[in-house]
Amino acid sequence: MEGFIIKIRKEPTELKMLKLLNSRTSLSAKDKNNYHYLEKGFDGEKKFDAVIGNSSDCLLIIPDLLFEYQNTTFQIDSLVIAKEEIYLFEIKNNERDHYFKDDNWYLLSGKEIKNPLLQLKRSESLLRRLLQSLGFQLPIKAYLVFVNPHFFLYQAPMKAPIIFHPQLKHFIDDLKATSLKITDGHVNIAKKLLSHHIEETTFHYIPEYTFEQLKKGITCVKCASLMKALSLQSLACEKCGIKEDTETAILRSIDEFQLLFPDRKITTTGIHEWCEIIHSKKMIRRILFENYTLQGYGRSAHYVRKNKNTQ
Ligand SMILES: [Zn+2]
């Protein structure tokens, strides 16, 4: 079997943007809630990944897929190809007590929440149709997975496709134990699915912001707090203690600048202002010159990312 790299789970772009905005401006209570909601979801997915592992010789695990099929987008938190089946996992990091009544979900307070089983059914149906259109007829087993040990569902229907935190490890162990070696057929399905994966481009939770309005400086790679310069060569985060080489931090800041301002040109002056704590404009110019391509002349001169293939 040829080598095959399965995509890794990345921090969702929207979460990354909110994290940066949270450090550089004061988010409204609603935006903060959205930020924590996305962060919690991502933490839940990472918890699931830790249990299932990244690779196994009997399971093909593909995290975080986004498809568009017949004008409908749907997302799959984790998809596993095993034996003659495909597993679809919808991962939830909810906590606290909930209850189930007449096909509806409620918080203990009586407030009704979106029934996640309906969302699961929808994704399952769309995935089945997508697979059929690609020529695959494998059965799909879809599960809702609650990864948080502090979640409880009263009156949970016994036959519902739900895996609760205490059951998860067993479930995965059984799945691994009953699976056979990955075949070229499995890899083929994975490749086909991955070729249909799309990147998220619509963000629902990002508030409006301008360059002028955001705090300038360099954010910490770990906790996103604004860092302090230790010397010409290194920076430190006072909050989490991380130290970073200045050049690496500047390159990361340029990426963040591009993420937050995709339409703004990258110039030495702009990046110098963005990074703020780097006093030497010369250093910014050198880093840009070495890592980016200069385009245009005079006032319209700006940098663009080097094409990785020709680097
Ligand atoms: Zn930090």
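The values are calculated or read from the model by the stated rules, or taken from the named source; none is laboratory data. Computed from a predicted structure; not experimentally measured. Cβ coordinates were reconstructed from backbone atoms using ideal geometry, including for glycine residues, and neighbour counts include every protein chain displayed. In case anyone asks, the SASA skips ligands and DNA or RNA and just uses the protein heavy atoms, side chains included. Shrake-Rupley method; radii C 1.70, N 1.55, O 1.52, S 1.80 Å.
Could you sort out which of Lys228/Lys282; Lys19/Lys215; Lys92/Lys228; Lys46/Lys239; Lys30/Lys169; Lys228/Lys306 sit more than 25 Å apart by Cα distance in this structure? Please report the intermediate quantities before stating the final value.
On the way: Lys228/Lys282 19 Å; Lys19/Lys215 13 Å; Lys92/Lys228 37 Å; Lys46/Lys239 23 Å; Lys30/Lys169 35 Å; Lys228/Lys306 29 Å.
Flagged as over cut-off: Lys92/Lys228; Lys30/Lys169; Lys228/Lys306.
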- Task: For the range 83-94, take each phi angle, set θ = phi - 60°, evaluate the Karplus expression 6.51 cos²θ - 1.76 cosθ + 1.60, and give the result in whole Hz per residue in order, putting x for glycine and proline.
- Result: 6, 10, 9, 10, 9, 10, 10, 9, 9, 10, 10, 4
- In Å², rounded to a whole number, the accessible area per residue of the chain with probe 1.4 Å is 57
- Counting only residues 5 or more places away or on other chains, whose amide H sits under 5 Å from the amide H of Glu85 once H atoms are built in the peptide plane? none
- Task: Give the relative contact order (percent, whole number) for the range 88-178; include only Cα pairs under 8 Å separated by 6+ residues.
- Result: 37
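Determine the relative contact order of the chain: mean sequence separation of Cα pairs under 8 Å and six or more apart, normalised by residue count, in whole percent. Each step should come with its number before you reach the end.
On the way: 422 pairs, mean separation 50.6, N = 311.
Value for the chain: 16 percent.
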- Item | Förster radius 35 Å - calculated FRET efficiency between Lys228 and Lys101 (Cβ-Cβ, nearest 0.05) | 0.05
- Percent accessible area from carbon and sulfur atoms, the range 228-310, protein chains only, probe 1.4 Å: 52
- Task: May I have the pair-distance distribution P(r) for the chain, computed from all Cα-Cα distances with 20 Å bins from 0 and rounded to whole percent?
- Result: 26, 49, 24, 1
- Under 11 Å from the Cβ of Cys58, count the other residues' Cβ atoms, weight Lys and Arg +1, Asp and Glu -1, and hand me the total. +2
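Under the definition of Cα pairs under 8 Å and six or more residues apart, what whole-number percent is the relative contact order of the range 13-196? Please report the intermediate quantities before stating the final value.
Values: 252 pairs, mean separation 43.3, N = 184.
This gives 24 percent for the range 13-196.
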- Phi angles of the range 206-212, converted by Karplus (6.51 cos²θ - 1.76 cosθ + 1.60, θ = phi - 60°) into ³J(HN,Hα) in whole Hz with x for Gly and Pro, give 8, x, 6, 7, 10, 4, 4
- Task: Run through all the Cα pairs of the range 228-310 and give the fraction in each 5 Å bin from 0, expressed as whole percent.
- Result: 3, 14, 25, 25, 17, 10, 5, 1, 0
- Item | Normalised per residue, the volume of the convex hull around the Cα set of the range 13-196 (Å³) | 143
- Query: Evaluated at 20 °C with a viscosity of 1.002 mPa s, what Stokes-Einstein diffusion coefficient in µm²/s does the range 90-225 have when Rh comes from the Kirkwood expression over alpha-carbon pairs?
  - Reply: 113
